[in-house]
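Since the structure comes first, as structure tokens, the remarks are kept for the end.
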Amino acid sequence: MDATDTKILMLLQEDADISIAELAQRVNLSQTPCWKRVQRLEATGVIQKRVALVDPDKIGLGLTVFTSIEIADHSGQGLQHFADLVLAMPEVMEFYRMAGDVDYMLRVVVPDMNAYDAFYKRLINAIPLKNVTSRFAMQRVKFTTAYSLTPAAPVNQRSSRL
């Protein structure tokens, strides 16, 4: 990936509906080479897909819950069984296996507390869990799907004077 690819990605993260003509003009390429770069970024999996972002409040999904889980069975089969179970739950928007004091972290989005309670009961009844902790978001202060593609500033190295 070069600087032009990075600029293409930055622009597509802002607006995936941008036309190839406008995208090409903004990255200083003609349309065909720009289109080929976008196709290559898609073919190599850098661009996974293009989606519409929906406001969860406007579709009745106003409660976001961060759920940390410690599982009881850490065998390969136990981990896979838990992953398969959670992957099938549509309320789970993000699902991470963690290092540290919890095994998994979920971001769950539901209409309200009753819906979360139903989700929670399905979760704990489906598989033996060691611990489940839920944290309820009161306000979404920042939300973005765009990754920062600007180069990081170099870290100043301390001089070692003894």
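Among residues belonging to the stretch 85-131 that are within 17 Å of the chain's Cα centre (by Cα) and not hydrophobic (A, V, I, L, M, F, W, C), point out the one that is nearest to Thr145 (Cα to Cα). Here the answer is Glu94.
Among the residues of the stretch 1-19, just one is β-branched (Val, Ile, Thr) and touching a Ser or Thr at 6+ places or on another chain (Cβ under 9 Å), namely Thr6. Mind checking which residues of the stretch 109-124 are part of a helix (DSSP H, G or I), within 24 Å of Asp55 (Cβ to Cβ) and β-branched (Val, Ile, Thr)? Of everything in the stretch 109-124, nothing turns out to be part of a helix (DSSP H, G or I), within 24 Å of Asp55 (Cβ to Cβ) and β-branched (Val, Ile, Thr). Scan the stretch 123-152 residue by residue and report those that are over 10 Å from Thr67 (Cβ atoms), loosely packed, with under 12 Cβ neighbours inside 10 Å and of a type in the set (D, E, K, R). Answer for the stretch 123-152, where residues must be over 10 Å from Thr67 (Cβ atoms), loosely packed, with under 12 Cβ neighbours inside 10 Å and of a type in the set (D, E, K, R): Arg140, Lys142.
Looking at the stretch 62-82, is at least one residue within 30 Å of Asp17 (Cβ to Cβ) and touching a strand residue (DSSP E or B) at 6+ places or on another chain (Cβ under 7 Å)? Yes, that holds for at least one residue. Assessment of the stretch 69-84 against the conditions (assigned by TED's automatic domain parsing to the domain that holds Asn125, under 24 Å from Phe143 (Cβ atoms), under 21 Å from the mean Cα position of the chain (by Cα) and not basic (Lys, Arg)) yields at least one matching residue. Out of all the residues in the stretch 44-58, is one or more more than 16 Å from the chain's Cα centre (by Cα) and in contact (Cβ under 8 Å) with a residue 12 or more places away in the chain? No, that holds for no residue. It is to be established whether one or more residues within the stretch 102-117 are modelled with pLDDT of 95 or more, hydroxyl-bearing (Ser, Thr, Tyr), closer than 18 Å to Gln139 by Cα and surrounded by 13 or more Cβ atoms within 10 Å (Cβ to Cβ). Yes, because at least one residue in the stretch 102-117 is modelled with pLDDT of 95 or more, hydroxyl-bearing (Ser, Thr, Tyr), closer than 18 Å to Gln139 by Cα and surrounded by 13 or more Cβ atoms within 10 Å (Cβ to Cβ).
The values are calculated or read from the model by the stated rules, or taken from the named source; none is laboratory data. All of these numbers come straight from a predicted model, not from anything done at the bench. All Cβ positions, glycine included, derive from the backbone under ideal geometry; neighbour counts span all protein chains shown.
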